[in-house]
Amino acid sequence: MSVISDRSSPTAVDDAQNRPTVTDKSDIHPTTLVDRQKRDRRKRFRRDRVLLFLMAPGVVYFLVFHYGALFGNVIAFKEYIPFVGFWDSPWVGFDNFTRMFADAGFWSAVINTLLIATLQLVFFFPVPLALALLLHSLTSTMLRRTIQSVVYLPHFLSWVIVVALFQQVLGATGLLNGMLDGAGLSTVHIIGNPDMFKPLVVLQVIWKDAGWGTIIFLAALMNVNEQLYEAAAIDGASPWRRFWHITLPAIRPIIILLVIMRLGEILSIGFEQILLQRQSVGPEAAEVIDTFVYFQGLINGDFGYGAAAGLFKGIIGGVLVYAANKVAHRFGEQGVYK
Amino acid sequence: MIATKRQKNTRPAWMEKPKPVTIAAKGFALAIVIALVTVPFLVVISTSLASNAEVVENGGWVLWPTEPTLNAYRSIFDGGIVTRAIWVSIGVTSVGTLASMTATVMLAYALSRPRVFGGKPLLLLILFTFLFPPGMIPAYLLVKEMGMLDNFAALIVPILINVFNLVVLRGFFQGIPEELFEAAKIDGVSDWAILRIIVMPLSKAALAVIGLFYAVSYWNAWFHASIYMEAENWPLQQILRTYVVRGAEITEYGLGEQIAAPQTYQMAVLIVATVPILIVYPFLQKYFTKGVLTGAIKS
């Protein structure tokens, strides 16, 4: 642990504290200064030994399971042979990648990923906003809290439960078809229909997370100064005008921020959700990059090939998230991390 | 900057009286939203309580059981594969939550102290993992190389610390007034004792939320179990996935006797998997309204 910290450059705070020493005593030989910094570091190390001890499990965890696993991506440049293991499998250079770029299945997964992400952006995104506006317009706090409790709940259910619920309601023998049948209408084929798969996925995301998504909008709406509305109303502004000139400008930054962040994560769409349902509609409709990695790597045992697709997604995805944050900063927003 | 507080449950004087049409439209929209969330649960509960004959007769679902019975639940808790899965889920959830909380609190506390040795580079190192997660295949190979396949540790250790939870908790710890730390330091209290007698008692709400978050995620997890564990060690969610979502026969994995009426049984498993979430939900809800998380999310 100490090794990591010693190698890294001194922190900004250190710089600020050391700088006066440099200018004041510029005649001192540079090695003395280095010695002093070293001594300071050693002193801080001793001072913080309890904290360092507390950090240890977490640091080991991140080094092994994040950086160790990140290093494991070199398997993308190897042909993994189970009985010789990770280290002794032969290097194959960029073979896995050239094979991947020539694989129609891979490109179909990329297209499905982008299509589903776009559908979610267009159809999911406005729902929490509309719901938040509706909730915010309620004058009764009790009623609002109650409804909030109900609509947040699905967020905490696992995808297994959500998919099972959808089967029970929209499936061939589900509630909806039972009712249509009972009313003498023709039944609908939704679950297990490849043409309906993408809308279904978006619908499930709306059901599960639209309520949860209102939190951030509600927080922004609560922050609007009530006096603005009052003043506007006294000046004769209609409810619509007040919405257009007060509410909308207040939540616009958060809308822009969320859209940018979503664009950054365009390659990541619910892996668990889609994996659970891919079998019933087949890969043409339901294969996305993550499930491609899963089936090529873990199910077919072609670990190098699967890892190559995963690495491709990881790098592009990481760069996109990073870029999205930069753009968000441009808009004067904080982004996900600073 | 501070908005004038809207009086509870009353319309402010300047706001127009809403038209009956508007009220009706709003009420209708809200009723639909509530129904969309609750009706699926109602159908599942009813079906799980109905008799097999009634479910078959009605074509797979029941909205109101004429003769409610707990038979499906009895066979779940009868000691078969589902009973075992419930115990696996309970075990993984409690051990996992405890382990995750311990590691997260310790790391978050150390990182929250100003000018801690190695703190800044370490934080950068951790935030970097947010941008570039390791990927499914390397994570699997790592677990395999470490000999953790079919070991319950594989369901906990690789996801021990969640970066989001870590950052939220660190932010909360940073909000504790620095004077308290200085006073304790002057009295010669060690960093370890400060964590126990100052930081943790002051952060009960945040600790509760993060703890519940971990518990919910361990309870809901199934994917890692599906790739790391043998069928007899599966948690409840993976059982639910196999027998309900994929519709496999319960005998398919050689794990038990054939179940006579799958539908009521399946719905009962679904309810059993959901109930723990419903139990902890009011507590989660209580802390949201306190704004513990909204504040954290915004920052």
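Odds and ends about this structure:
- Residue of A:Leu263, A:Leu70, A:Leu119 that the Gaussian network model of chain A assigns the largest fluctuation, springs spanning Cα pairs under 10 Å: A:Leu70
- Most mobile listed residue (A:Ile260, A:Ile289, A:Ile315) in chain A, GNM with C-alpha springs under 10 Å: A:Ile315
- The sum of -39500 (n - 2.57) across all DSSP H runs of n ≥ 4, divided by the residue count of the protein assembly as shown, sets its helix-only mean residue ellipticity at 222 nm to -20000 deg cm²/dmol.
- Which listed pairs, of B:Lys120/B:Lys204; A:Lys78/B:Lys144; A:Lys43/A:Lys326; A:Lys208/B:Lys26, have C-alpha distances above 29 Å, in listed order: A:Lys43/A:Lys326
- Virtual spin-label span in nm between B:Val95 and B:Leu131, 7 Å along Cα→Cβ: 3.6
- Convex hull (Cα only) mean projected area of segment A:176-275, reported in nm² to one decimal: 10.5
- Within segment B:1-108, GluC sites (Glu not before Pro) in DSSP loop having at most 11 other beta-carbon neighbours inside 10 Å: B:Glu16
- Electrostatic dipole magnitude of segment A:176-245 [Cβ: Lys, Arg +1; Asp, Glu -1; Cα centre; debye, to 20]: 120
- Residue with peak Gaussian network fluctuation, chain B [Cα springs, cutoff 10 Å], from B:Thr22, B:Thr264, B:Thr69: B:Thr22
- Each label was represented as a point 7 Å from its Cα along the Cα-to-Cβ direction; for A:Ala104 and B:Thr102 these points are 5.5 nm apart.
- A:Lys78 long-range amide H proximity, modeled H, under 5 Å: A:Val92
- Evaluated over the protein assembly as shown, the Cα radius of gyration and Dmax, each in Å: 27.5, 97
- Across all directions, the average flat footprint of the convex hull enclosing the Cα atoms of chain B is 23.5 nm².
Taken together, the values in this text are just the output of simple stated rules run on the coordinates, not laboratory data. Keep in mind that this is a model prediction, so the values were computed, not measured. Here the Cβ is made from the backbone with ideal geometry for all residues, glycine too, and neighbour counts use every protein chain on show.
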